[in-house]
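What follows is a set of notes on a single structure, which appears directly below.
Each reported figure results from applying straightforward, stated rules to the coordinates on display, with no laboratory input. All values reported here derive from a predicted model rather than from experimental measurement. Methodologically, a virtual Cβ is constructed for each residue, glycine included, from the backbone with ideal geometry; neighbour enumeration extends over all protein chains shown.
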Amino acid sequence: MARKTYRIEGMTCASCVRRVEKALATVPGVSEVAVNLATEEASLVGDTVPVEVLAEALESRGYHLVVEAQQASPELKYALARVVVAWVLTLPLMAGMIPGLHLHLPWQVQALLSALAAFGAGYPFFLHAGRQAMHAETSMDTLIALGASVSWAFGLYEGIRGSMHPPFETAAALVAFLLVGKYLEAKAKHRATDALEALLKLAPAMAFRIAADGSEEAVPSSLLVPGDRVRVKPGGAIPVDGVVVSGGADVEEALLTGEPLPVPKHTGDEVIAGAVVHGGALEIRVASVGRQTWLAKLARQVVDAQGSRAPVQDLADRISAVFVPSILILAGVTLVAWWIIKGDLSQAWRPAVTLLVIACPCALGLATPVAMAASLGTAARHGLLVRDASAMERLARVTALAFDKTGTLTEGKPALHEVRELAGSDRAQLLRLAAALERGSEHPIAKGILEAAKGLAWPEAEDFRAHPGGGVTGRVEGRNLRLGSSAFLGQGFQEIPPHATAVGLAEGDQLLGVFILADTLRPETKGTLTALRALGLELHLFSGDRPEAVQVIARELGIPEALGGCTPETKQTRIRELQARGAVVAFIGDGVNDAPALAQADAGISLPGLEAAQAAAPMNLLRGGLSPLLMALSLARRTRIVVRQNLGWAFGYNLVLIPLAAFNLLDAFGGPILAGAAMGMSSLTVVLNALRLKRV
Ligand code: ADP
Ligand code: MG
């Protein structure tokens, strides 16, 4: 069953996330619910459940599920309108506080203005709080709604008693400040995810479709179907994923994969939506459109990952679940205590309301998700797709890096240098047989052999099988053949040059020939490893290649711990051993043979190419090359710092101000109004701090 994503409106804090998750999970037929506060989305498995049922389950709890046909609501605009209305109503009330300004409104008018600001402009707080109260649940909206209601009620009490200055400005200003905070927060949350929206906009909305008679017609890209043919002109962006059927041009994918240089594309080459065509025109047969394109999937994956929960977030959630009820009790105690001490209720309500508002755990709920959203967006821009936020957290703590060799440290394009003919075979015949076997393999060695066999005609292989980390087997022209490493064949090879990789072709026990290939190091490998070592990281090399060749490369690169002849399982076991010694391990690999190790590592990072490797790793490099590793490490570390700062800030702020409010020490500075302003500031600080991660 497929995952579906819905937009949810009305979530304000971490406890909302848990509530929405719970509400959706209890709908029959729904499973694996994940809710993302930063993007305001819920994703779940359960395509058979009608959206209306999901919407209904949320509606009664005060959340709104946006049905796809509906336009995304202009939430930002509404938020701004509420701010303006609240302040227009609040200012005349505050004017009474300015000495010398004799604006004195009758208390009934003040009561009305205050009610319109607090309950009118601020109605979302009350709506949520009310609905949650009906389910015997609380959230930060409960604290705000209670704080504003109590303040307004005391205004009324003072007004009826004939007091000169009934404090109606408190409820109004409190809500007005909080609305400013909400607006700024909504804007900032928007910015954390807009990089991806910008990414999606790279694919043009219009395309030139080629009709059967060869004529060209401009149509919206959304109307294209697989099999259609489109033309992209020089300077234009490609609207779909597809295959070039005629023409030739340089295609720039820099914004998609980070690959800075344009790549020449000709008939038969694949192209992706969003890439820009230079110096020529291309005619493309459409393979996938819209949400099925590589670009859309990439954006989707980043957004899903932004919603995946980092463990540190659970802590924040558990805390806020006990926090709100505790604060309600504490505020009640504060009210009663001051009432007894002062013997006057009108002196007791202010510290209680200040405490209610200042304790809102809002910043706590935002601290982690906003930082993760910003960080994962940045990582994607630099060529690292993080599909699991918790892997990013572990990457920050990594102490050891283990590498695969072929295709990871090396280019993965081994060239065939020599063919040793044994048992009376000849070179062309050996190449034909080897090529027949390698046809079905995705291994770099297979590519090298096929390249060398170009121009030869080779037969089909039957019963083909790939043995990851060993070689390939199959029947060619009736002969049972095996092609692979010396260990895989159980045969020793003679006099292999130290650098080279060698694979043998055998029929039964008979070694027919040996192919000697050499791969080159990636240009950035040396520099990257040196920089990683300088960061104090322990480096390891686990390869399936000949131990001799692995040692030569390891010595050249200064990797002390290198192991050759690894099977996929040995790579995994080695990593488990490192972990048992207390190391936090990142493994970087590219092949099917690396999948177990990628999954075992604390932070598995795959190079592009194979789906199997990418699926096993929580992090995927989007282009060939190791240079994004350094960025990834420093980004992960910075993200961890920002999350901690955010949690510390959100907590520290509450811890310091709650006792001050309880002992009525904030009153001189505005009491409840200060609390409202400070709370907005706290959320904003957390969000702005997180946005620093966008500039890395
Ligand atoms: P690495 O760990 O360095 O990426 P692999 O584990 O993929 O290397 O491969 C280990 C060894 O197994 C190779 O050096 C080669 O000898 C052999 N091998 C694996 N796949 C193939 C194949 N398709 N054809 C020939 N030999 C192969
Ligand atoms: Mg490899």
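The table for this structure:
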quantity: Label-point separation, E451 to E56 (7 Å along Cα→Cβ), nm; calculated: 6.2
quantity: Sequence of T170, T267 once ranked by neighbouring C-beta atoms within 10 Å, starting from the fewest; calculated: T267, T170
quantity: Pairs beyond 22 Å (Cα-Cα), from K201/K694; K297/K447; K297/K526; calculated: K297/K447; K297/K526
quantity: Distance between modelled label sites at H190 and H165, nm, 7 Å Cα→Cβ extension; calculated: 3.8
quantity: CD proxy at 222 nm, helix term only [per DSSP H run n ≥ 4: -39500 (n - 2.57); per residue of the chain; nearest 500]; calculated: -15500 deg cm²/dmol
quantity: Proxy reagent accessibility, fewest Cβ within 10 Å first, across T525, T368, T399; calculated: T399, T525, T368
quantity: Folded to 0 to 90 degrees: helix 427-438 orientation relative to the chain principal axis, Cα; calculated: 30
quantity: Inter-centroid distance (Cα atoms) of the stretch 577-603 relative to the stretch 418-440, Å; calculated: 35
quantity: Full-stretch length increase - D47, T399 - with 0.36 nm per residue and alpha-carbon distance subtracted; calculated: 122.5 nm
quantity: Alpha-carbon centroids, the stretch 620-696 and the stretch 522-566: separation in whole Å; calculated: 39
quantity: Rounded to 10°, Cα long-axis angle of helix 168-200 versus longest principal axis of the chain; calculated: 10
quantity: Helix axis angle, 123-134 relative to the chain longest principal axis, alpha carbon, degrees; calculated: 80
